[in-house]
Structures are given as structure tokens and as C-alpha cells.
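Asks: The following block contains the structure, expressed as C-alpha cells.
Bear in mind that the values in this text are calculations on the coordinates, not laboratory data. None of these values were measured; they are calculated from a predicted model. Neighbour counts are summed over all protein chains in view; Cβ atoms, including those assigned to glycine, are modelled from backbone coordinates with ideal geometry.
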Amino acid sequence: MKRPLIIFCLLSVVAAAAYFSFSHWAIRHETLTFFDESRGRPVAIDLAVRRDAEMKAEAGMVTLPVAVVSHGNTVKNTEYSFLANVLAARGYLVASIQHDLPDDKPLMTVAGSLYVGRLAVYERGEKNIFFALKELKKLEPNADYDHLTLVGHSNGGDISMFFAQQHPEMVRRVVTLDNLRVPFVTSGFAKILSFRSKDPQFKTDPGVLPDPKTAKEAGIEIIDTGAQHTEMSDRGPDSVKARIQSTLDKFLSDEGSSKLQPLDVQKDIKRMYNDPRAMGP
């Protein structure tokens, strides 16, 4: 009995190692920092892209769809890899932008003010997105910067929705994770998916969420996760992240957003063991 158990355990370890090795090989991550001289402000980007998709784009075979990820307040742009990896696996060029700097003024809530006194924050995020896209075009020219997928958590979700309001012609999809301040766009210009928390400490402002009838007419999908507001980043439990990943992947699949298919990791692992040359040098 011990021998089969030992063999099984060894195979499990090898399979797990192969999975992480393949995941590392498949998606390239890079941290970039640009300096916006017009504002005297650095803008950092965590880049994620499938290696094979990037090579095809460089060869002129495909044009990469572009996704912009915006972080929540006090969360770093690098803490949304669970979202970036799903998007990258679908063939997206993913740019997770760092919107806040240590010397920025803290977020303020001003009763009766437009977007509770945060308009300047959303406008700064808008400028960050435009600047990041301009710099990325120099490095990744074979990507579609005119039809964006915007993804954001909390304040980053509000930045995403604000950008979509201001530039509807540039936005194809919006995915928010518990944005609380900026009202949803209901014009039907883009498909919208929103994950909502069940958290008494983080309440959505009145008028932000559309009523069910309006949401249905506008093609807006609202998903109640039952999770805490702060769990919607890499800091959250695996169970929450896995549910969000699965729903996001289906949303992207239903949209037919990319000719590239999602990575079938288990299939590729089996192929690698049957023919090690299949994975390349």
C-alpha cells in the first residue's frame, strides 16, 4: 500500500511543479515605470501578456486586445494578478496602473459634492490611463488601444466607470469589483459586469447601481459574491478569487473578445510530458 501512495504523492508534486513552471512560462509579467513630465508624476504599470500571443503580435499575425486594471484605495496595482492572469490567458495585453502615490492627498468624502468630492481623483486616473496607453504604444504597437476593456476594484472601479462615461467610443467592456461612487453607464455602449460585496462597512452610494429592469435592458450583469469588500484583490481568500475568475472568464468567452483561446494548462502539461519538445527550448 505504501508504494502506490508514495508514487501518487511524487506524481502530484511533479504535476504541481509543472503547472507553476508552465504558468510562469506562459504569461510574461513586467513592471514598467514611466515619467509624465507634463504633470511631474511617475506612472508605474504592471504588464501581463501571454508569451505566445505577444510573439504572434510582433510577427503581425494578431492584434492584441487591451485591458486596463485599476486598483482600489490603499491596494497596490501589483495586487490583482488573479484578474490579470485571466485576461492575459485570454490573449489580452494587460496594464495594471498605479494611480496613487505616497504623497497624494488621501481620499475625501464630501457630502453633496459630485462623486462625493473625488472628481479630481477620477480625472487624475483618466490622465494616468491616457499616459500609460501612450507609452505602451511605443513598446507594444500591435495592440488595439481604441477599444478597451476596463477593470477596477473599489476606487479603481469608479475610475473605470468615470473613464467609460467620458470616452464611450474607446470602451468595449467594463468590469468593476464593488465600485461605490460613480453611477453605472446605462447607454448600452459597452458590456458591463460588476461583482458586488456583502460588507456593512462599504455601502454603495444611492444612484450608483441601476435597477434590475434598466440593468437587463443595458446588458449589465450584477453578481452578488457574498464576499467582503477588501477580499476582491490578491489579498482575498482563494475561494473568492476562484469564483470571480470563473465568472470573468465566462464573461470574456461569451463576448468572443479574442480569437485566442484560454490556456488549457492540464492539456499542455500532458502534451509536455508526452513530447518534451512541444514546449520549446
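Asks: With label points built 7 Å along Cα→Cβ from the Cα atoms of GLU58 and THR204, find their separation and express it in nm.
Replies: Between GLU58 and THR204, the label points sit 4.3 nm apart.
Asks: Skipping prolines and chain starts, which residues have an amide H placed within reach, meaning under 5 Å, of the one on ILE223, given they are 5 or more residues away or on another chain?
Replies: HN-HN under 5 Å from ILE223: SER194, PHE195, ARG196.
Asks: Would you mind checking segment 126-157 for residues with the amide N under 13 Å from a putative spin-label position 7 Å along Cα→C-beta of LEU101?
Replies: Hits in segment 126-157 for LEU101 at 13 Å: 128.
Asks: Separate question: Rank the residues VAL121, VAL110, VAL94 as a footprinting-exposure proxy: fewest other Cβ atoms within 10 Å of their Cβ go first.
Replies: Lowest to highest Cβ neighbour count: VAL110, VAL121, VAL94.
Asks: If a paramagnetic tag sat 7 Å from the Cα of SER38 along the Cα-Cβ line, which residues of segment 84-115 would have the backbone N under 17 Å from that point?
Replies: Backbone N within reach: none found.
Asks: Neighbouring Cβ atoms within 10 Å as the yardstick, rank ARG243, ARG196 fewest first.
Replies: In increasing order of surrounding Cβ atoms, one gets ARG243, ARG196.
Asks: Scan around LEU180 for amide H atoms under 5 Å from its own, H built in the peptide plane at 1.01 Å from N, and keep only partners 5 or more places away or cross-chain.
Replies: Excluding prolines and chain starts, which carry no amide H, the hits are ASP158.
Asks: What FRET efficiency do you get for LEU119 and HIS167 if R0 is 25 Å and r is their Cβ-Cβ distance, rounded to the nearest 0.05?
Replies: That gives a FRET efficiency of 0.95.
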